[in-house]
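Structure first, then comments.
The values are calculated or read from the model by the stated rules, or taken from the named source; none is laboratory data. Treat the numbers as computed from the prediction; the structure is a model and nothing was measured. Because the Cβ atoms are built from the backbone with ideal geometry, glycine has one as well, and the counts that use them run over all protein chains shown.
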Amino acid sequence: MRNLNRVLILVSLVAAGISAKAATEITYWLWDNNQLPAYQACAAEFEKQNPDIKVKITQTGWFDYWNALNTAFVSGTAPDVITNHLARYPEFIENNLLVDLSPYIARDKVPTNIYLGDLVKVWGRNGKQYGLPKDWDTIGLVYNKAMLAKAGIEPKSLWDLDWNPKDGGTFGQVLAKLTIDANGKNATEPGFDPKNVKQYGLLINGSVDGYGQVEWSHFAVSDGFKFDDGPWATHLNYDDPKFAETIQWIADEMKKGIIVPAANARQAGNSGLFAAQKGAMGLDGDWMVHWYTENAKFDIGFAPLPKGPIGRRTMFNGLADSIWVGSKHQEEAWKWVKFLASPEAQKIVAGYGVVFPAVPEATEIAKTKMAGKGVDVSAFVEEATDPKATFLFPITDHASDINRIMKAAFDAVYLNGADAASTFKGASKEVNDLFQ
């Protein structure tokens, strides 16, 4: 009997060893360290349901992430599944680096109508699907409560601000009132010194690209500017006077010391400057809410963008998970992607209160979780759920070249004082020549 027990134990141990060896490991990369714990929790649940698959997650910062990913694509060592961005994926599919998910979606009857807005639409081209939505984001204002109180500005009034490129509207007036020089004068008072600013009215990132998701797109579109005629357009409207007058207004406000000059914001960025209390308000996306609550050691709040001449507008963007075409475990990778796109996984992510998942019911969980931490994020949610307030991230070929051309144009305007209208007219021609 004792020998029989030994045999049974030995068989169990061997079986366990075989099972462990049989587990297939898939690799998954992401860039946001704030989201790492949520996706580790997703992986734990996924592995519980799929004991034959193990998920290895690697998190790398934004810039290093894309550099490492491009190197891995070239060397053939890319991860099975990547966190993907709309600004990057057109070049990936142009180079045949991503798996078309549509056969898997059809085979497994995966519903694609469960996500907010047109998030599924932007991840497809010519009948093929290269990602399933994981989250969404809009842009809003983050503000320093003490600085607003000192200026006599009621936070609720921020919800009703208007903006225009002629005089800045009530938004411009608030920014001027919040801009303080070293002598304690604000930008509405005689003797204000724009070359010696202690507190800027508005903080934006100093490095700007051709999409301006956080920095300028909402202003321009709320003034009537349209990037293009829809996804995969072959013409971009950077020569539109509405675009030029918007950027000129920002450049002029930088000269006045009201908006932080681009050169000053290059290193720390808007978030770093805000945490250092160098400005009263900043522009940022909802994915940064957690960062601000963790790093701003003072009371903060969030408000929607001001309404432009045609109303309030914000870019509506969302990340997706994609499978590398060189993956040796595409079936297992698909199971992971399918799980991450499911309400079950997105509710797990929502429970961490860091981002807004793409499934509406998960969004509500995230909103409640954030509210429980004392953070009111209704501004971002209201923007996202207003069909008139959002426009999609512009998706085109040649994204890297577009950003290179437009970054040079922005540098000319912001850093060297070039005229916006003439500068962007030339840049627009250069951009559209890419499609010829």
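Points worth noting:
- Looking across V349, V325, V355, V359, one residue alone is touching a residue at least 24 places away in the same chain (Cβ under 8 Å) and more than 21 Å from the chain's Cα centre (by Cα). It is V325.
- When residues of segment 377-398 are limited to those that are small (G, A, S) and more than 15 Å from D135 (Cα to Cα), the one surrounded by the fewest Cβ atoms within 10 Å (Cβ to Cβ): S378
- Residue within segment 186-194 that is charged (D, E, K, R), touching an Asp or Glu at 6+ places or on another chain (Cβ under 6 Å), farther than 25 Å from K297 by Cα and surrounded by fewer than 24 Cβ atoms within 10 Å (Cβ to Cβ) present: yes
- Take the conditions (1) surrounded by fewer than 18 Cβ atoms within 10 Å (Cβ to Cβ); (2) in contact with an Asp or Glu (Cβ under 6 Å, 6 or more places away or on another chain); R107 misses just one of them, which is (2).
- Set A421, A379: member being assigned to a helix (DSSP H, G or I), in contact (Cβ under 8 Å) with a residue 40 or more places away in the chain, in contact with a strand residue (DSSP E or B) (Cβ under 7 Å, 6 or more places away or on another chain) and of a type in the set (A, V, I, L, M, F, W, C): A379
- Residues (surrounded by fewer than 22 Cβ atoms within 10 Å (Cβ to Cβ), touching a residue at least 12 places away in the same chain (Cβ under 8 Å) and among the β-branched types (V, I, T)) located in segment 362-376: I365, V375
- When G152, G140 are checked against the criterion of being more than 25 Å from the chain's Cα centre (by Cα) and modelled with pLDDT of 95 or more, a single residue qualifies: G152.
- Helices (runs of 4 or more DSSP H) lying entirely in segment 71-179 (those with 3 or more residues that are under 30 Å from C42 (Cα atoms) and not aliphatic (A, V, I, L, M)): 89-94, 102-107
- Number of residues in segment 310-329 that are out of contact with any strand residue (DSSP E or B) (no Cβ under 7 Å at 6 or more places or on another chain) and within 21 Å of K156 (Cα to Cα): the value is 2.
- Against the criterion of being closer than 30 Å to Q277 by Cα, surrounded by fewer than 17 Cβ atoms within 10 Å (Cβ to Cβ) and assigned by TED's automatic domain parsing to the domain that holds P241, A149 qualifies.
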